[in-house]
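Reading through the structure tokens given below for one structure.
Rule-based calculations on the coordinates, nothing more; no lab input. Please read all numbers here as calculations on a predicted model, not as lab measurements. Backbone-built Cβ (ideal geometry, glycine too); neighbour counts: all protein chains shown.
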Amino acid sequence: MGATLADGGDLEGAQAVSHVEENRQAWTKAAAEYGERAPAAWASEPTWGIWHVPEAELQVLPDVAGKDVVELGCGTAYWSAWLARRGAKPVGVDVTPAQLETARRMQEEFGLEFPLVEASAEAVPLPDESFDVAFSEYGASIWCDPYRWIPEASRLLRPGGELIFLVNGTILMLCMRDDDTPATDRLVRDYFGMHRFEWESDDGIDFHIGYGDWIHVLGANGFEVEDLIEVQAPVDAEETRFPAVDKAWARRWPSEEIWKARKR
């Protein structure tokens, strides 16, 4: 179980690592679709999550000017591009070559250059204590095992460094069925034991854990939680292309959470 890993243990067997290859394959299939949307994402101002809540409204980010930032699970790297335009020195890390190919194409198109590294965020080939900020918005934050990528984020960060990541809301996960039909106002799964999720309607494997487990794994890896921002869909938000949640639901309960923690 996750608690064992947080206490320094390790998963064994094929299931422990199978998600890395399965997710690479899933994102390879999705790469063309995300490549079509990449130019608009790179050209826009920073927004958060499926409801595109402006960073100017949430004010999550610190002053990143001059800071070394690693984006874990960068996809097409639009967040790294936004951070670069704010003066950061980003490095994008992603496990899917096709996604990184799109990111490189966008770098050429927009005249921005920063390193892109092909790797899982659970095993990043970069030196210890190289970064001031570790960041993930629906990258490593849900597609990697938190009992593996959180220790890596801690290793990569300098003392005092910040970890910022966005995940699906815990309440949403408890109200979502396996077939990805829209969430209702009823709990349909257990809270205790949340970890590895596989869906009938989707490829890939993602990971979601409860509030106490997040606090435990962060603390066990040298982090202090500084904030938890529960994202509410804006009144004027458009419905998303994701069938699991609609705006009416996300106006009542948080469909997304942004965690902020600092390495001691």
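Some observations on this one:
- Ordering 206-212, 145-151 by mean Cβ neighbour count within 10 Å, with the highest value first, yields 145-151, 206-212.
- One Cα centroid belongs to segment 190-206, the other to segment 30-79; the line between them spans 25 Å.
- Sequence ranges 68-76, 105-113, 227-235, 84-92, ranked by mean other-Cβ count within 10 angstrom, highest first: 68-76, 84-92, 227-235, 105-113
- Net charge, ASN168 excluded, C-beta distance under 11 Å - Lys, Arg +1, Asp, Glu -1: -3
- Taking all pairs of distinct alpha-carbon atoms in segment 163-230, Kirkwood radius in angstrom: 13.4
- Positive-end ranking of PHE207, LEU83, PHE192 along the dipole of the chain, with charges on Cβ about the Cα centre, is headed by LEU83.
- Cut-off 12 Å (backbone N to label point 7 Å along Cα→Cβ of GLU108), residues of segment 67-92: none
- Shown for the chain: lysine pairs separated by 8 or more places, or found on different chains, whose C-alpha atoms are under 21 Å apart, numbering 5.
- Cα-projected label distance for THR28 with HIS195, points at 7 Å along beta-carbon direction, nm: 2.8
- ASP128/ASP179 FRET efficiency (R0 35 Å; Cβ-Cβ; nearest 0.05): 0.25
- Computed about its Cα centre, the charge dipole of the chain is approximately 480 debye, with only Lys, Arg, Asp and Glu carrying charge at their Cβ.
- Only Cα pairs under 8 Å and 6+ residues apart enter the sum, and on that basis the relative contact order of the chain stands at 19 percent.
- Hydrodynamic radius (Kirkwood) for the chain, which is based on Cα pairs only, to one decimal in Å: 18.7
- Distance-filtered residues of segment 129-173 - backbone nitrogen under 17 Å, label point 7 angstrom along GLU230 Cα→Cβ: 166-173
- Relative contact order for segment 34-178, counting Cα pairs under 8 Å that sit 6 or more residues apart, in percent: 22
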